[in-house]
């Protein structure tokens, strides 16, 4: 059987800076030319953090070292030509010395696998068991075009991608029992958690090039806290254990499963993978506090006492919720450890770099968010979360105008959606129906947030360009409120125009003298309440309209519609 070494084989797809067709490279060339590429191109979004954490970041960190302080990180991050010649020599030497560790089908120590892994009956599963989007067992995606019985031939490159993806994101629950695992009962193991990333709301800062993305994702870490990656920990056996991560590199390359790829050659002599063995792997206990790729939530301790501290948990992303709607967590500084939220270590260090003047305020930082939604005891994949937003560096500083502006905008968008939902509920009550349940169906406020989404993303880019110019930021705030006001009333008018005639008279609910009080719901009251809420949510636009009206009344000036739009010159 021919070999397939990840150091040289073209299994990583990269996008050239400035466009052009993607290139397929091995680890060595992808790192040597990292400054020439915008980033990795993947078949499935959640493969990106898996490739970074399981392969590229630990290779770079183990070969060249991680930044030991912010100055070191800033200097390395701002190099236009990527790795220095000395660092390239370190990378080449490292990959030459450990080349055998990256052999995908090595009979004795295959990359990220357990050699000889087998069941008591030598059973294997179809390679679809590796693929999160493929029908396999009880994990059957909606409208899947194939069944578990259909063979799925993966190329070695595809198999390698899904191999590391499985270590990061695999579903939980029952796993196949294998020979040599003394914890197998009745041919299976139970109680398996999801892969480590499945328990996080993954946050990956990205730069202009693959090189910058790698540096942005290397946290400042003392060498003593690095540990070693999985390929230097010795060959994996079939047994597993629950343990703590032994340093950053062990955490990144965590072997959440024991896996063996079963290669074969097709009729044309091409190497393929159609069968696999997957069993239980190491269980990460507890999740280390130095996990760099997640934000955190603080909750009240289960048992209250004078010494009890808030519990710190990874903040997971919410299905169907754009990343900008979680800005309160992304922009919460770690160094202050405030109650409520704490941003990721990596974003906090980016903030410190900008504060020290090592990154310009207009640096085009992007933040990619990833998450997996599991169902039925986390044994199936229901949905995948992925989003990308521009994040102005100044917004990471709690005392900056940009920080407050973005938090206000995110909150105003949520409040406008709530106001539209309240209007819908009042109109439905006036017509004799119940409001749409918050957890069922699609409420009109969700449609408004969808409409506001491109506006907020343009605002994020505009805030980056405005920098510290308070006048520019003020114009941006006014422009946002004016346009958001128009979208909110568009959504409201859709509901008001669709209301039946019976809503004019309305409907009275409740009885005086009993619990609560009688309240009449009618179209006019619902519209007035909505107007009041919107005026309170968008005070600057409300004041601008009132001032313009007062000026016209005093001067008999032109109609409001002909007035210049407040903040219309802000660069979205």
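Readers should treat all values here as calculations from the given coordinates under stated rules, not as data from a laboratory. Small disclaimer: the values here were computed from a predicted structure and weren't measured. We place every Cβ from the backbone using ideal geometry, glycine too, and count neighbours over all the protein chains shown.
Computed over the Cα atoms of region 279-404, what is the convex hull's projected area averaged over all directions, in nm²?
10.5
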Original post:
In nanometres, what is the gap between the two model label sites at residue 453 and residue 313, each 7 Å from Cα along Cα-to-Cβ?
Top reply: 2.7
Original post:
With contacts defined as alpha carbon pairs under 8 Å and 6 or more residues apart, what's the relative contact order of the chain in percent?
Top reply: 12
Subject >> 0 to 90° range, to nearest 10: angle between helix 156-169 axis and the chain longest Cα axis >> reply: 60
Subject >> Which of 522, 275 has the fewest Cβ neighbours within 10 Å, and the rest in rising order >> reply: 275, 522
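If you take all C-alpha pairs in region 334-420, what percent of them are over 21 Å apart? Don't jump to the answer; show the numbers that get you there.
Values: 1783 of 3741 pairs.
The answer is 48 percent, as a whole percent.
Quick check on the exposure proxy: order 303, 272, 185 from fewest to most C-beta atoms within 10 angstrom.
Details: 303 6, 272 20, 185 9.
Ascending number of Cβ neighbours within 10 Å: 303, 185, 272.
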**OP:** Averaging sequence separations of C-alpha pairs under 8 Å and six or more residues apart, then dividing by the length of region 255-393, give the relative contact order as a whole percent.
**Re:** 18
Subject >> region 249-287 versus region 434-494: alpha-carbon centroid distance in Å >> reply: 44
**OP:** Working from Cα positions, state the angle (0 to 90°, nearest 10) between the long axis of helix 470-498 and the longest principal axis of the chain.
**Re:** 80
**OP:** Mind giving me the nanometre distance, one decimal, between the label points for residue 528 and residue 501, set 7 Å out from Cα along Cα→Cβ?
**Re:** 2.4
Original post:
Relative to the first principal axis of the alpha-carbon coordinates of the chain, what is the inclination of helix 539-555, with its axis defined by its Cα atoms, in degrees from 0 to 90 and to the nearest 10?
Top reply: 30
Subject >> region 400-572, relative contact order in percent, only Cα pairs under 8 angstrom and at least six apart counted >> reply: 32
**OP:** With viscosity set to 0.890 mPa s and temperature to 25 °C, compute the Stokes-Einstein D of region 360-468, Rh being the Kirkwood radius across alpha carbon pairs; µm²/s, no decimals.
**Re:** 148
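Considering the convex hull of the alpha carbon atoms of region 400-572, report its projected area averaged over all viewing directions, in nm², one decimal. Provide the component values of the computation, followed by the final result.
Values: hull surface 52.4 nm².
Mean orientational projected area (region 400-572, Cα hull): 13.1 nm².
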**OP:** Just need log10 I(q)/I(0) for region 181-256 at q = 0.14, 0.26, 0.27 Å⁻¹, Debye formula, equal scatterers on the alpha-carbon atoms, no solvent, rounded to two decimals.
**Re:** -0.65, -1.34, -1.35
Original post:
Using Cα-only point scatterers and the Debye equation, what is log10 of I(q)/I(0) for the chain at each q in 0.05, 0.06, 0.08 Å⁻¹, rounded to two decimals?
Top reply: -0.27, -0.39, -0.66
Original post:
Extent of region 199-308 along each principal axis, from alpha carbon coordinates, in Å, largest to smallest?
Top reply: 70, 40, 27
